[in-house]
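Below is one structure; the comments refer to it alone.
The values are calculated or read from the model by the stated rules, or taken from the named source; none is laboratory data. Quantities reported herein were computed from a predicted structural model and do not represent experimental measurements. We place every Cβ from the backbone using ideal geometry, glycine too, and count neighbours over all the protein chains shown.
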Amino acid sequence: MSYSTASPQSLYQAKPEFQTRLVKARQHLHQRLKPHLNQTVRVQTMDHHVYEGTIVHMDADHLYIRVPQPYHSPSPGTPPPYRPYTYSNVILLLVLYTLLVMILLS
C-alpha cells in the first residue's frame with residue numbers, strides 16, 4: 001500500500017480545552033482509584049456495559065480488572081480426559097475515559 005506524499009488531510013483534532021479537561025479527568029480517576037487496587041468493584045461504562053471484578057492494575061489510560069468466568073462442566077458423553085479451554089479469570093481492559101460509575105464491592 002502506498003501513501004500520498006501530499007500533505008495529509010486532518011480528520012479530527014481535539015480542541016485544547018477538551019484535551020485539558022480529559023487530562024484533569026484522568027488524573028482525578030487515578031487519585032480516586034489507586035487506593036482501591038486489589039479490591040472488588042462494579043464498573044459501568046458510558047456505553048452502559050456493567051462489569052464486576054477486582055482491580056489488578058492501572059496505567060495512564062487504562063483500568064485492568066480481573067473478571068471471574070463461570071465454570072462450564074463437560075457435556076454428557078464428552079470423552080475423557082475433559083480439558084476445558086476456558087480460563088478461570090480474565091483480565092479486562094477498560095479505557096479510563098469511558099467509565100461512568102464505579103462502586104466498591106469489597
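Summary of values
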item	result
Candidate set: the stretch 33-43, residues that are in contact (Cβ under 8 Å) with a residue 24 or more places away in the chain and either exposed (fewer than 15 other Cβ atoms within 10 Å of the Cβ) or basic (Lys, Arg) (or both); chosen: the one farthest from residue 66 (Cα to Cα)	34
In the stretch 26-51, the residues that are over 13 Å from the mean Cα position of the chain (by Cα) and among the charged types (D, E, K, R)	26, 32, 34
Odd one out for residue 53 among (1) among the small types (Gly, Ala, Ser); (2) assigned to a strand (DSSP E or B); (3) farther than 26 Å from residue 92 by Cα	(3)
Candidate set from the stretch 91-106 (those that are loosely packed, with under 13 Cβ neighbours inside 10 Å and within 14 Å of residue 67 (Cα to Cα)); member that is modelled with the highest pLDDT	105
Tally, over the stretch 72-90, of residues that are at pLDDT below 65 and under 19 Å from the mean Cα position of the chain (by Cα)	1
Verdict on residue 69 being more than 18 Å from residue 105 (Cα to Cα) and either touching an Asp or Glu at 6+ places or on another chain (Cβ under 9 Å) or at pLDDT below 95 (or both)	no
Selection count where residues are more than 24 Å from the chain's Cα centre (by Cα) and outside any loop (DSSP other than H, G, I, E, B), scope the stretch 4-25	2
